[in-house]
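Trainee: So that we are looking at the same thing, I have put the structure below in structure tokens.
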Amino acid sequence: MPIFCTTLNSRCAAHLLTCTALSLAGCGSLPPSTSSVLQARLSVAYVVVGENGTAWARFITPGLADANCPLVTVDGTAQRMTVRAPANTIAQRPTASDGANSKPSIFPVLTCELKLPENAVRANISGTEIPMPKANPRRIVVLGDTGCRMKKADNAWQACNDNEAWPFRAVANAAAAMAPDLVIHVGDYHYRENECPPEIAGCQGSPWGYGWDT
């Protein structure tokens with residue numbers, strides 16, 4: 001699924017991984033009206049191209065009790081985004097490993113969306129421009145299988161903290177520097193199924209499971 005992504009935070013390079021995409025419009029800062037709690041945590045805005053080429057603006061923000069979907073200004077007209085998924089905890093699911101080595105998937109974030117008009121030219125969320133799909137993309141990045149393997153059933157423990165052993169950060173930064181018109185992620189975002197054992201130094205402290213932290 002092609003993803004056009006921009007972060008609403010000053011630490012742009014570090015959040016390329018969180019977008020699971022490449023920054024096409026650089027970084028901006030959250031507006032002063034945003035709560036201090038929200039400023040301290042990641043919010044992200046991007047455009048994803050879905051079925052039949054339909055473009056959707058998406059916004060993900062910490063699922064605070066007072067969080068509401070923001071307005072999107074599309075070609076000068078403001079529209080309220082709708083909730084795609086509220087903050088939620090998904091029950092533990094069967095995996096290749098024993099259930100004792102798994103956990104529920106916690107998503108403490110609110111995901112909002114808005115279907116963009118077919119001929120939309122510009123859009124911004126909270127004053128920050130989001131990149132729009134190009135009709136004739138010429139510079140295309142294709143990537144996939146971006147996960148770092150942490151799986152007890154296979155006794156596979158990749159050094160996720162090592163940019164040589166798991167080079168996704170370097171690959172993402174290099175691709176972003178090309179300013180691509182289109183990014184296509186073909187799937188398999190991560191494989192951190194189980195917690196890193198204490199005797200494996202290379203993945204210590206890594207998030208694991210299928211929740212938002214991973």
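Trainee: Assuming His190 fulfils every condition listed in (1) modelled with pLDDT of 90 or more; (2) under 27 Å from Val142 (Cβ atoms); (3) of a type outside the set (Ser, Thr, Tyr) apart from one, which condition is it?
Mentor: Only one criterion is unmet by His190, namely (1).
Trainee: Just checking, which of Ala170, Ala175 is out of contact with any Ser or Thr (no Cβ under 7 Å at 6 or more places or on another chain), buried (at least 18 other Cβ atoms within 10 Å of the Cβ) and either assigned to a helix (DSSP H, G or I) or touching a residue at least 40 places away in the same chain (Cβ under 8 Å) (or both)?
Mentor: Ala175
Residues checked against (1) part of a strand (DSSP E or B); (2) in contact with a Ser or Thr (Cβ under 9 Å, 6 or more places away or on another chain); (3) at pLDDT below 90:
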{"position": "Ala57", "(1), (2), (3)": "yes, no, no"}
{"position": "Thr61", "(1), (2), (3)": "yes, yes, no"}
{"position": "Asn68", "(1), (2), (3)": "no, no, yes"}
{"position": "Gln79", "(1), (2), (3)": "yes, yes, no"}
{"position": "Val83", "(1), (2), (3)": "yes, yes, no"}
{"position": "Gln92", "(1), (2), (3)": "no, yes, no"}
{"position": "Ser97", "(1), (2), (3)": "no, no, yes"}
{"position": "Glu113", "(1), (2), (3)": "yes, yes, no"}
{"position": "Pro137", "(1), (2), (3)": "no, no, no"}
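Trainee: Need pairs with beta-carbon distance below 7 Å; first residue in contact (Cβ under 8 Å) with a residue 12 or more places away in the chain and within the stretch 192-207, second of a type in the set (Ser, Thr, Tyr) and assigned to a loop (DSSP other than H, G, I, E, B); sequence gap 6+ or separate chains.
Mentor: Arg192/Ser206; Arg192/Thr214; Glu193/Thr95; Glu193/Ser97; Asn194/Ser97; Cys196/Ser206; Pro207/Thr214
Trainee: Being charged (D, E, K, R), surrounded by fewer than 18 Cβ atoms within 10 Å (Cβ to Cβ) and over 30 Å from Pro197 (Cβ atoms) is the filter here; which residues of the stretch 74-131 pass it?
Mentor: Within the stretch 74-131, Asp75, Arg80, Arg84, Lys115, Glu118, Arg122, Glu129 qualify.
The values are calculated or read from the model by the stated rules, or taken from the named source; none is laboratory data. Here the structure is a predicted model, which is why all the values come from computation and not from measurement. FYI the Cβ positions are ideal-geometry reconstructions off the backbone, even for glycines, and counts take in every protein chain you see.
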